[in-house]
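Let me begin by presenting the structure, written as structure tokens, before commenting on it.
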Amino acid sequence: SDSPALKFKVVAVQGRARSSRMTLPHFTAHTPMFMPVGTQGSVKGMTTQQLQELDCHVILGNTYHLENRPGSELVDAMGGLHELINWPRGMLTDSGGFQMVSLLHLAEITEQGVTFQSPVDGSAMLLTPEQSIAIQNRLGADIIMALDDVVPTTANDPARFEEATHRTTRWIDRCIAAHSRPGEQNLFAIVQGGLDTRLREISMQQLVARDLPGYAIGGLAGGESKDDFWRVVSQCTAGLPPGKPRYVMGIGYPLDIVVCSALGADMFDSVYPTRTARFGVALVPEGVLKLKNAAHARDFRPLDPSCDCMVCRTYSRAYLHNVVTRGIASAAVLVTYHNVAYTQALTRNMRRAIEEQRFPDWVRGYLGTMFPKGDVPGWVRDAMDAAGISLEGVVAPTHAPTSTPAATDKSAATEGGAAVVGGGAAPG
Amino acid sequence: MIAALAAQSMATTATHFSVRARDGKARCGILTTKNGSIETPAVLLYTRRGGPLSLTSPDMLAAVTPPVQGVQLDAMQFLENPDASIIREHGGGAHGFLCLEGFPIVASNRDPTMYEYGTRPSTDKEVHVSIHSGGHMVSPERYMETIAALKPDLFVSLCDEVTADTKPKRVATATKRTTAWLDACLQLHAAYQQRQQQQQQEQQRQADPPAGQGANGAAEAQPSSSGNDGVSGSGSGAAAAETGPLSDSLLLAALSGGGQAAERARAAAAVAEKEGVGGYALCGLGTGEPPERRPALIGASLGALPAACLERRPVFAPGLAVSPEELLAAVAEGVDLLDCALVAQDWRPEAAVTGAQPAAVDASPATSQAQAQGGAAAGATGESAPDAAPALAPAPAPGLGPDVSIGADDTKINLWSTSYRLDKGPLLPGCGCFTCRRHSRAYVHHLLNTHEMLADVLLEAHNTSHVMAFCQAIREAISEGRFELYQQWFSSLRAAPLVPAPRHVTSKRRASGPPEAKEAAVAAGASGEAGAEEAAGAAEGPEAAGEPRRSKWVRV
Ligand SMILES: [Zn+2]
Ligand SMILES: [Zn+2]
């Protein structure tokens, strides 16, 4: 039952939200937590020291990329990914399968594994559950992910979802059998089932029966409606065991992180905060701040006056407006730095609010700042209802409690003359 | 003594310079500004539009060891986006706007990594420059308005830049214009040193808005000057009210003359003793002239200046430090300050210099070696890594020398090379920089291979530290009277030819297994025969890097 490489202790619960300590071989992570993505052994432009300063507890590596370069055997020879990149804290690697399916045109899933066309010579290649685990064993992350059969939630093929759900279970057994370092690495299973509650239920039952150290909710963040998204998360967080970490894969919009945390999820990852930074978009409590906007040319305020990160303590929007996305790498790093600081402060504040039993208030304050006119999207209101958090005083009376179309984007809002766009932006 | 010199130079100028040691024409000095002092010879940190390329300020900039002494910026990059009115409105000058507090800032008239002049003709009134926002005609007034907004510690006067191969007639015109513009800049400098005259200047501008500012010019000028009031007035009372934005700035007179020694001498003599000149800038060099001609050109400019002028005025050479040799050659001629294309252009993308810190190299003269080792050790101590340092790589066999097959000589290594794939050692053993204290050659090699931004960050952190250490070693050599020896010794390091890699070395390295690969490659490289076109192939370049060679995917 208890994994030798992971101790998960829920320290506070309020409603469905919880604050926990997850002790991994390299670090005791506090959840809810956001994990920045270091695709190829580096979170774009950030030093590992900066990531520590920014209170990152776990970072991600992508198995597909790392196996291409530098190769897991080299990583192993260098003493593991932690050693290679000099990162003393928690690390998580994905299975590689999702990257293949999403990056390579000719990837195909068979019972054996994921077949794909080699990007080098076009020949047919195969990633099996055994291979994925062997590679991840060599990379040496604290948490490794099972190879699952991912079907995009937007696919309209019930039979395929049925197949994927059961195949994911068959593969988890192959992953468990292949896992050679259970004493040092934690294998997480990934719940599949698309948008079908019956399949999600089956997937959870089968995977929970394997008693793994943690569970991920997969197949989301792929273009499904926000309404579908939160309902799947809600079903899975309710159905997964309370004493194990719950990881919603691919989630990086601050609003999504808050909603999922309110529903009882613990871990999130996405390239969104770091990628969007390189396009000059900063995360702020009001939503996002697009630095390219000419309105910032004479705006001498920090990116986010409520943020105490190095960038916000030092730089003005006006400076960043002029240099971001114009080929000066240090400027892109500055916005990345802030965005990571923002996500870490967000989760830190949630943890504290849960521990101090004022989480519903905190959520109301968060939503009130992001939606000052009270136009909280319907899916958020519905999700908060499911989470048992009242939005009284936050949602404007004109906005009826339910039945608004899902995934409404918040239109551009202005704040103090500066262009700030609300946070409910659609994926893409 | 410094106080006396200061009083002697300019009563209103806080920034001043004094020479402390000489060796031949090379000299060590100290340049004092209100934002800190610079020990010369010094290389200034390169910035583009005011931002260091990959090092964030303050954290990564502060991690450079020995510390960055000063920062160079190109004033022309502040003509538009942002322009002077925005910087003025901010009120903190370049230091505040760019978050470079604590660093003396030298505003140059050009970027050392590009040449923004000559795409369109200039006139007697304005010089044409091409910057990020397109072409601009820049008058002394517009230039000085920008300088006054930036409030740099030192700045170069407006120069009609011409390249070294320009025809004599055009060079003569350039000299005439540069001299006239110096007078205009000096006048405006004097005005901007005093608050009242600055306001007069602003009133003049309101009456006659410069091109580009448009109809809103007058309307903008009012709030911006009140913004200035808010900043300078609130701080230090009556004294501040009397001083203008350039009260602490030193004007460096642009010395033109293109590639012609006689013209350079004439130009320098014409401006040498003008009142208000606080130093000199050797303009128009590094524009294609053969490096071996450069000492004569620098000598022509500086030789025409009275010794007394040089005694208390620093010499800045923009655009010259594109290689360590050129830096040394400029210093040998008496240059005090250089901007730096070194890190930005030459070393940054792929190589970390290793030999500029003359530590533990057999070839160095006994005295300098002892001294240098002391210096290097001093640089490294006090910087001992607080956290676990990466394991050191096995030292290369003595006498083996650098692996020339992979583009290395005794002054740099090419981290693209696959021979560093498994190298757990720091970029430069003994280096106390951020990168060497935390990361391995293998990691930087991997980051280069995968085109990760962090490669640039880590290389710039090391290379910048290295250039600073190089300057420190140069200063030590000068003050100990062994600069020429040092220069010779350094040239001998670089004399190791960049021998291209023999093909068999390349294939052998790729085929060999992990632990022995490096040794095998090094040994083979040292004994290998030459083959010109393989040189590029030996260094695993961006193209080759796209190829996953060791992946464990199962072929079906
Ligand atoms: Zn911030
Ligand atoms: Zn170093």
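At an R0 of 41 angstrom, the distance between the Cβ atoms of A:Asp55 and B:His451 translates into a FRET efficiency of 0.90. For the stretch B:53-194, the residue among B:Val71, B:Trp181, B:Leu61 whose Cα projects farthest onto the positive side of the dipole built from Cβ charges is B:Trp181. Taking every alpha-carbon pair in the stretch B:1-143 and binning the separations at 5 Å intervals from zero gives 2, 8, 16, 17, 18, 16, 14, 8, 3, 0 percent. Separation of the stretch A:326-344 and the stretch B:87-152, taken as the distance between their Cα centroids, equals 26 angstrom.
Against chain A, whose longest principal axis comes from its Cα atoms, helix A:129-139 is set at around 70 degrees. The simple Förster model, with R0 at 45 Å and r as the Cβ-Cβ distance, assigns A:Arg210 and A:Ala294 a FRET efficiency of 0.25.
The packing ranking of peptides A:82-93, B:298-309, highest mean first, is A:82-93, B:298-309, where packing means the average number of other beta carbon atoms within 10 angstrom of each residue. Loop-located trypsin sites (Lys or Arg not before Pro) in the stretch A:206-254 (DSSP state other than H, G, I, E, B) with a sparse environment of at most 16 neighbouring Cβ atoms within 10 Å: A:Arg210.
Charge tally for B:Pro314 (other residues, Cβ to Cβ under 12 Å; Lys, Arg +1; Asp, Glu -1): -1. The separation of the stretch A:247-320 from the stretch A:1-46, counted between C-alpha centres, amounts to 21 Å.
Working from label points 7 Å from Cα in the Cα-to-Cβ sense, the A:Glu73 to A:Ser118 distance is 1.4 nm.
Counting only alpha carbon atoms, the long axis of helix A:158-178 and the longest principal axis of chain A meet at about 70°. Compute for chains B and A the buried accessible surface, both sides summed, probe 1.4 Å, and express it in Å² to the nearest 100. Using a 1.4 Å probe on protein heavy atoms, the buried area is about 4900 Å². Peptides A:36-44, A:377-385, A:178-186, B:269-277 ranked from most to least packed by the mean count of surrounding Cβ atoms within 10 Å: A:36-44, A:377-385, A:178-186, B:269-277.
For the pair A:Arg301 and A:Ser225 in one chain, pulling the backbone fully straight at 0.36 nm per residue adds 23.8 nm over the alpha carbon distance.
Rolling a 1.4 angstrom probe over the stretch A:156-247 with all protein chains present gives an accessible area of which 52% lies on carbon and sulfur atoms.
Among the residues of B:456-465, the average count of other protein chain beta-carbon atoms within 10 Å of the residue beta-carbon is 2. Among the residues of B:81-90, the average count of other protein chain beta-carbon atoms within 10 Å of the residue beta-carbon is 3. Taking the Cβ of B:Asp153 as the centre, find all other residues whose Cβ is under 9 Å away and add up their charges (Lys, Arg: +1; Asp, Glu: -1). Here the charged neighbours net out to +1.
Using a Gaussian network model on chain A with a 10 Å cutoff between Cα atoms, which of A:Ser118, A:Ser234, A:Ser390 fluctuates the most? Sorting by GNM fluctuation, first place goes to A:Ser118. Size descriptors for the stretch B:41-124: radius of gyration and Dmax over Cα atoms are 14.0, 45 Å. Only helical runs count toward this figure. For chain A, summing -39,500 (n - 2.57) over DSSP H runs of n ≥ 4 and dividing by all residues gives -11500 deg cm²/dmol at 222 nm. Look at the stretch B:416-424: the mean tally of other chain Cβ atoms within 10 Å of its residues' Cβ atoms is 2. Simple rule: put +1 on each Lys or Arg Cβ and -1 on each Asp or Glu Cβ in chain A, find the dipole, and look at A:Gln14, A:Gly239, A:Val120; the Cα lying farthest toward the positive end is A:Gln14.
Helix A:329-355 and the longest principal axis of the Cα set of chain A meet at an angle near 90°.
Taking the charge dipole of the stretch A:225-346 about its Cα centre, with +1 at Lys and Arg Cβ atoms and -1 at Asp and Glu Cβ atoms, the residue from A:Pro254, A:Ala345, A:Ala277 reaching farthest to the positive side is A:Ala277.
Past 31 Å, Cα to Cα: identify those pairs from A:Lys226/A:Lys373; B:Lys125/B:Lys151; B:Lys151/B:Lys274; A:Lys244/A:Lys373, in the order given. Over 31 Å Cα-Cα: A:Lys244/A:Lys373. Between B:Glu480 and A:Thr110, the modelled label-to-label distance comes to 7.0 nm, taking each label 7 Å out from Cα in the direction of the beta carbon. Peptides A:263-273, A:334-344, B:168-178, ordered by how many other C-beta atoms sit within 10 Å of their residues on average, highest first, read A:334-344, A:263-273, B:168-178. In terms of its Cα atoms, chain A spans 57, 46, 41 Å along the principal axes, sorted from long to short.
The values are calculated or read from the model by the stated rules, or taken from the named source; none is laboratory data. The model shown is predicted, which means the values in this text are computed figures rather than measured ones. Ideal geometry is used to build each Cβ from the backbone, glycine not excepted, and the neighbour counts take in all protein chains shown. Ligands, DNA and RNA are excluded from the accessible area calculation, which covers all protein heavy atoms including side chains. Shrake-Rupley method; radii C 1.70, N 1.55, O 1.52, S 1.80 Å.
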